[in-house]
Amino acid sequence: MAVENGHDGAVKVLLQREDVNPDREDTRYGRTPLSLAAVSGHEGIVKMLLEREEVNPDRADTFNDRTPLSWAAERGHSGVVKMLLEREEVNPDRTDTFCGRTPLSWAAESGRKGAVKVLLQREDVNPDREDTRYGQTPLSLAAGNGHGGVVKLLLEREGINPDRPDTNYGQTPLSWAAEYGRKGVVEMLLEREDINPDRPDTRYGQTPLSWAAVNGHKGVVKMLLEREEVNPNRPDTSHGWTPLRWVTGCGHNG
């Protein structure tokens, strides 16, 4: 309770007791004091706990199988991320069994630019590693959620395929960005020569233009129509509908 609420003084007093286990997990989510401190970004407490030999800095909770690093990365606590990465016992590219995501994937999805930047400095972090739940890469997750700053950082890495489709829906980062109307991200991705702006997904056979049309994202549709490679009359494989048919069918006549 002291850790979770950030009471540094109380934590310090309790850690002086020999009959206090500093690495004891709770029975609800299976989180240790270090995990709770990492989630909340209490750097002072994290530092105190990491100084204890009994504390396992890479111990995953039993509910979501996520480590302190995973939680800190998702919440964007860059200071905590840095502290944890200084420990040799911490695996910076560990996937959890909840979504099969790495700390980088969680940070990318949440738009935590600082945490992403810190993790990308590690050679033992795969910047293009897909999760096991949906098969999405950090770039795909960042693009779909419209985190332009994170997308920019990831695109600067040589080891990343900016046109890689996920394994579940077969959608590329551009396809996800178009579907959700992430205009800035779409613009950024279209500047790349190694991206096919007319690539259909493998599940429904819909192109980025088709996805943008379905959801009425006028600005994205306009950008895609300006590309010569984009076929505005290409039907999908699921319904056989063209982007125009989707627009009229969904009532996006404006």
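Observations on the model:
- For Leu209: the one exception among (1) touching a Pro at 6+ places or on another chain (Cβ under 6 Å); (2) part of a loop (DSSP other than H, G, I, E, B); (3) not small (Gly, Ala, Ser): (2)
- Look at the stretch 226-240: where a residue is within 15 Å of Asn196 (Cβ to Cβ) and a partner is among the hydroxyl-bearing types (Ser, Thr, Tyr), sitting 6+ places away or on another chain with Cβ atoms under 8 Å, you get Val230/Thr207; Asn231/Thr207; Arg234/Thr207; Arg234/Ser210; Arg234/Thr242.
- For the stretch 47-72, the set of residues classified as crowded, with 24+ Cβ neighbours inside 10 Å and among the β-branched types (Val, Ile, Thr) consists of Thr67 only.
- Those residues of the stretch 223-244 which are outside any loop (DSSP other than H, G, I, E, B) and farther than 27 Å from Ile160 by Cα, in sequence order: Pro243, Leu244
- Residue match in the stretch 215-229 (condition: under 30 Å from Asn126 (Cβ atoms) and modelled with pLDDT under 95): no
- Test: Asp8 is under 22 Å from Lys82 (Cα atoms) and of a type in the set (Asp, Glu): yes
- Qualifying residue in the stretch 159-180 (condition: outside any loop (DSSP other than H, G, I, E, B) and farther than 22 Å from Pro243 by Cα): no
- Any chance Val247 is outside any loop (DSSP other than H, G, I, E, B), within 29 Å of the chain's Cα centre (by Cα) and buried (at least 18 other Cβ atoms within 10 Å of the Cβ): no
- Scope the stretch 15-43; condition surrounded by 16 or more Cβ atoms within 10 Å (Cβ to Cβ) and hydrophobic (A, V, I, L, M, F, W, C); matching residues: Leu15, Leu34, Leu36, Ala37, Ala38, Val39
The values are calculated or read from the model by the stated rules, or taken from the named source; none is laboratory data. Owing to the predicted nature of the structure, the values given are computational and were not obtained by experimental measurement. Cβ coordinates were reconstructed from backbone atoms using ideal geometry, including for glycine residues, and neighbour counts include every protein chain displayed.
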